[in-house]
Each structure stands twice: as C-alpha cells, then as structure tokens.
Amino acid sequence: MQQHTTSTPTKIACFVSMFAGIFAAVFSFVSRNHNTALVFGIAAIVIGGLSVVKAHKNIDDTQVATAGIFMAVVACAVALWNIYH
C-alpha cells in the first residue's frame with residue numbers, strides 16, 4: 001500500500017486556508033463595513049483554492065483547505081446579504 005504524505009509547508013498552507021476562512025466568516029458577522037468583509041471572503045477563497053491545488057495528493061489536507069473555502073463562501077454570502085439588505 002502506497003501512502004501519500006505531504007510536506008510541512010503544504011500542511012501550513014491548508015491550515016492558513018482554514019483560519020483565513022474562519023476569520024473572514026467571523027469578520028463578516030461582526031463588521032459594519034460589509035465591502036471589506038466581502039474582500040476578505042474573496043481573498044480567503046483564493047487562498048483556499050491555492051491550498052487545495054497544492055494539497056491535492058492528501059485527502060486530509062484537502063479537507064482542511066476545503067473547510068476554509070466553505071467558511072469563506074459563508075463569509076461572502078453574509079457580506080452580500082448585508083450589503084443588499
């Protein structure tokens with residue numbers, strides 16, 4: 001059985017993606033500046049996308065990066081909801 005392992009920089013990139021997504025989501029809920037929250041959400045999506053591309057060989061790292069993307073999408077949805085309502 002062949003086991004795929006990833007390097008430490010890849011793991012760090014995936015966790016940065018997750019924390020960026022969580023930060024963007026929290027910021028979009030508590031911020032009064034919704035345009036900035038939208039920009040943070042989009043930036044977190046880009047960071048997450050790059051992390052997924054980098055970690056595509058390891059399912060655990062891919063799941064962590066995908067969690068960051070999900071939280072960033074939530075951040076964008078909340079920011080857009082607050083902008084238009």
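The values are calculated or read from the model by the stated rules, or taken from the named source; none is laboratory data. Here the structure is a predicted model, which is why all the values come from computation and not from measurement. Counting neighbours? That spans all protein chains shown, and the Cβs are built from the backbone with ideal geometry, glycine included. The protein model used for the area step is the full one, side chains on, heavy atoms only, and it has no ligands, DNA or RNA in it. Shrake-Rupley method; radii C 1.70, N 1.55, O 1.52, S 1.80 Å.
Leaving out ligands, DNA and RNA, what percent of the accessible area of the chain is carbon and sulfur, probe 1.4 Å?
Ligands and nucleic acids excluded, carbon and sulfur reach 71 percent.
Can you give the relative contact order of the chain as a percent, counting alpha carbon pairs under 8 Å and 6+ residues apart?
It rounds to 43 percent for the chain.
Between LEU50 and HIS34, what length comes free when the chain is fully extended (0.36 nm per residue of separation minus the Cα-Cα distance, one decimal in nm)?
The span from LEU50 to HIS34 would gain 3.3 nm if fully extended.
For the chain, modelled as a GNM with alpha-carbon contacts under 10 angstrom, which of SER17, SER31, SER51 fluctuates the most?
Greatest mean-square fluctuation among the candidates belongs to SER31.
With runs of 4+ DSSP H residues as the only contributors, calculate the mean residue ellipticity of the chain at 222 nm using -39,500 (n - 2.57) per run, divided by the residue total and rounded to the nearest 500.
Computed ellipticity for the chain at 222 nm equals -29000 deg cm²/dmol.
Mind sorting out which of (1) 59, 24, 18; (2) 54, 17, 15; (3) 39, 22, 21 is the real Cα extents along the principal axes in Å computed from the coordinates?
(2)
Once both labels are modelled 7 Å past Cα along the beta-carbon direction, what's the ILE59-PHE15 spacing in nm?
Each label point lies 7 Å from its Cα, and together they span 2.3 nm.
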